[in-house]
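One structure below.
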Amino acid sequence: MILKNTHNEVKHPVESWARLNTNASMYRDIALQEAAQGIEYRHKKKVSHDQFEIGEYSTLAYQHAIKAIVFASMCVESGINDYAGIQLGDKYCEKHIYSMDVVSKWVLVPKLVCGNEIDKSGAAYKALKQLVQSRNRLVHNKSKNIGALSLELVAKLEKAEQDFESDFQNSFKALFLLSMEMDYVVGQRFNPIGTFDRKVALFRTIPEILSAELSECKRMMRNRKQ
């Protein structure tokens, strides 16, 4: 349930619509659920002293992290495609918009629709770019020969693990930050992936384990340029 005129209203050419195959909110919810499970298994891994359990928890945490990244990227692409199709029309988008890369859509489409643009120096834009890059690495995965065991190899493996952890943490933060950015840019009512403002979306919930991260993202966005 989204209430009108409660926080930030931005004028749009199309005020109401009905469409088929709108999956952005479903992808968002799946991504957040997977992220929550990934975090839970990371916590279980840290406190366990059983090597078999640690191995199992590590595998499950990795699986949920992959799904969180992929579904978060599906959400941001589906959301901006829906927003573009609604406001600019399907024929126009088929010809000019849908073939663009995802990041460019998030920059260009809101500007075409309502004259406002994502802050390209801000946290949301940075998180969006990292999300798309991490998704591409997973979807277009290529294995590599690692050679003989060495200190250099160990360092590379540790960095790869750290990079993946960063991508996982970024996956759900990207959804939070991008949603908050769009609250400013297009307004909560037209937010392509839905607002997390509980004063507006009364019944929208997130997994409790992500609440602290949502609060941190809100703090990050308080200094956003108006």
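Values in this text are rule-based calculations from the coordinates and carry no lab data. Note that the coordinates shown come from a computational prediction; the quantities given were computed from them, not determined experimentally. Using ideal geometry, Cβ is built from the backbone for each residue, glycine included, and neighbour counts are taken over all protein chains shown.
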Under Stokes-Einstein, segment 1-150 at 20 °C and 1.002 mPa s, with its Kirkwood radius over C-alpha pairs, diffuses with a coefficient in µm²/s of 118
Based on Cα coordinates alone, diagonalise the gyration tensor for segment 56-132, multiply each eigenvalue by 5, take square roots, and list the semi-axes in whole Å, largest first.
29, 15, 8
Gain in length, S143 to T205, computed as 0.36 nm per residue apart minus the alpha-carbon separation, to one decimal in nm?
18.5 nm
Sorted from largest to smallest, which semi-axis lengths in Å does the alpha carbon gyration tensor of segment 76-221 give for its equivalent ellipsoid, taking the root of 5 times each eigenvalue?
32, 21, 12
Longest span of the chain, sites excluded, free of chymotrypsin sites (Phe, Trp or Tyr not before Pro) in DSSP loop with at most 12 other C-beta atoms within 10 Å?
18-202
Rounded to the nearest 20 debye, dipole of the chain from Cβ charges on Lys, Arg, Asp, Glu
600
Between 0 and 90°, nearest 10: helix 102-114 axis offset from the chain longest Cα axis
20
Mind running the shape call on segment 176-226? Use the C-alpha gyration tensor, a ≥ b ≥ c as the square roots of the eigenvalues: rounded below 1.5 for a/c, prolate if a/b tops b/c, oblate otherwise.
oblate
Per residue, the convex hull enclosing the Cα atoms of segment 138-193 spans a volume in Å³ of 89
Residues H12, H64, sorted so that the one with the fewest Cβ neighbours within 10 Å comes first:
H12, H64
Subtracting the Cα-Cα distance from 0.36 nm times the residue separation, let me have the gained length for V154 to N223 in nm, one decimal.
20.9 nm
Simple SL model, points at 7 angstrom along Cα→Cβ for S121 and E15; separation in nm is 3.6
Relative contact order, percent, segment 76-221 [alpha-carbon distance under 8 Å, six or more residues apart]
27
